[in-house]
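Report on one structure; see the data block that follows.
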Amino acid sequence: MPRRGADEGEVGLQHPPRDRYFDTLRAVALVRVVAYHTFGWAWAGMVFPSMGIMFGLAGTLMAKSLERPALKVVKSRLRRLLPPFWFWGVFVVLAMLVHDWMPGWQIVFWVVPLGDPPGNAWGEQAWEILWYLRTYLWFVLLSPVLLKVFRLAPVAVLLSALAPILVLHFLWEPPDDRFGNALTDLATFLFCWVLGFAHRDGVLRRLRPLAVIVLSLAAIGFGGWYALTHQGETGSYDLDDIPLAQAFWSAGYVTLLMYAKSYFGVDLAGLARHRRLDRVVTVFNARAVTIYLWHEIALILAVPLIDRFWDIPAFEKWLPLESQWFMFGVGWALIVVFVLLCGWVEDVAGKKRPRLLP
């Protein structure tokens, strides 16, 4: 695998420099995202809060990259994020135009997703995932200032990173529009992003294990309690629908994962002995943006494809065509196809030679 520079890890969806612990967390996070969008398991976010983990990993990489000039780092992030987004967006936008979508001036958010890109109901399953890219982009733009503030008083700033979500929940309800949605998502995952700074700067390593474990479990406990006791508001305890619970659960969970790395030196270097599994983790990280963007389209296409299987008697008899697990498998098969057909865009965006697989 070619050597990567300090700016190679992107979007919370790509890889740090050969850190197999973080690489594996990111790969598992992507699998969990696809599983959640296939099965709709409300408990999935509690078992493994993928988005919080990816924001935490992205914060670590951003702090590392900001050892270089901030403007250069931000430009690098934009260069690596936007081309895969544009490539994917061309197909989604054209498909929605064919299905009677008439965009207004908000189509500019399909160029730079500082706000949620618009779309119609027909394409909603494809474009609804873009909130993550929008949130990531804002964190990237804010990070030069955030990191400076963090370094003035690391522990105090880290602990206060949960204050914004408390303010938005208890003191001021943001408007139900692009601005309000962006503000809520930033507040929800701010702690995880700043936690990445704390890991990179060695702040976590200096904290006492008992204090970290107690506070982390308290945050997880509060987040879980709030989700379970406020199901009436959303009809579920799904953390994705309850920002306050998501913020605290992710904060505690991701802290424990990061602290295990920082203080106890947990790593998965031995993964290299399992060549096939190590290869899978490598591909997941090198093609993480592609997997994230195209996975919903893969799941959408899996439905009519499976419908065609019913026309083949042998498939109807021997394949579990009604099973969601079968759709999950077909979805991953299509994701592999998209990785092979579209993953090269990530290479081009990273100024590398385009490859079928990394």
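The values are calculated or read from the model by the stated rules, or taken from the named source; none is laboratory data. Worth saying up front: this structure is predicted, and the values here are computed from it rather than measured. Please note: Cβ atoms are built from the backbone with ideal geometry, for glycine as well, and neighbour counts cover all protein chains shown. Side chains are part of the model used for accessible areas, which takes the heavy atoms of the whole protein and leaves out ligands, DNA and RNA. Shrake-Rupley method; radii C 1.70, N 1.55, O 1.52, S 1.80 Å.
List of remarks:
- Residue in segment 245-263 that is free of Cβ contacts under 8 Å to residues at least 40 places away in the same chain, surrounded by 19 or more Cβ atoms within 10 Å (Cβ to Cβ) and either in contact with a Leu (Cβ under 6 Å, 6 or more places away or on another chain) or not in a helix (DSSP H, G or I) (or both) present: yes
- Sub-8 Å Cβ pairs linking a first residue in segment 333-344 that is within 18 Å of G89 (Cα to Cα) to a second residue that is open to solvent by less than 30 Å² (accessible area, probe 1.4 Å) and of a type in the set (S, T, N, Q), at least 6 apart or interchain, are F338/T290; V339/T290; C342/T290; G343/T290, ordered by first then second residue.
- Residue in segment 324-336 that is farther than 18 Å from L30 by Cβ, in contact with a helix residue (DSSP H, G or I) (Cβ under 6 Å, 6 or more places away or on another chain) and not charged (D, E, K, R) present: yes
Yes/no per residue for (1) of a type in the set (D, E); (2) touching a helix residue (DSSP H, G or I) at 6+ places or on another chain (Cβ under 7 Å):
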{"residue": "P209", "(1), (2)": "no, no"}
{"residue": "Y253", "(1), (2)": "no, yes"}
{"residue": "S262", "(1), (2)": "no, yes"}
{"residue": "D267", "(1), (2)": "yes, yes"}
{"residue": "D278", "(1), (2)": "yes, yes"}
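- Taking the criterion of being touching a Ser or Thr at 6+ places or on another chain (Cβ under 6 Å), open to solvent by less than 10 Å² (accessible area, probe 1.4 Å) and farther than 23 Å from S262 by Cβ, the only residue of segment 22-56 that qualifies is V33.
- Matching entry among V212, V140 (being in contact (Cβ under 8 Å) with a residue 60 or more places away in the chain, of a type in the set (A, V, I, L, M) and either open to solvent by less than 50 Å² (accessible area, probe 1.4 Å) or more than 16 Å from L57 (Cα to Cα) (or both)): V140
- Residues that are part of a loop (DSSP other than H, G, I, E, B) and free of Cβ contacts under 8 Å to residues at least 40 places away in the same chain, drawn from segment 162-183: L171, W172, E173, P174, P175, D176, D177
- Condition met for T188 (open to solvent by 10 Å² or more (accessible area, probe 1.4 Å) and polar (S, T, N, Q)): no
- Number of the condition not met by G223 [criteria: (1) within 26 Å of L133 (Cα to Cα); (2) touching a residue at least 40 places away in the same chain (Cβ under 8 Å); (3) in a helix (DSSP H, G or I); (4) open to solvent by less than 70 Å² (accessible area, probe 1.4 Å)]: (2)
- Selection within segment 270-297 - over 26 Å from Q125 (Cβ atoms) and either among the aromatic types (F, W, Y) or not in a helix (DSSP H, G or I) (or both): H274
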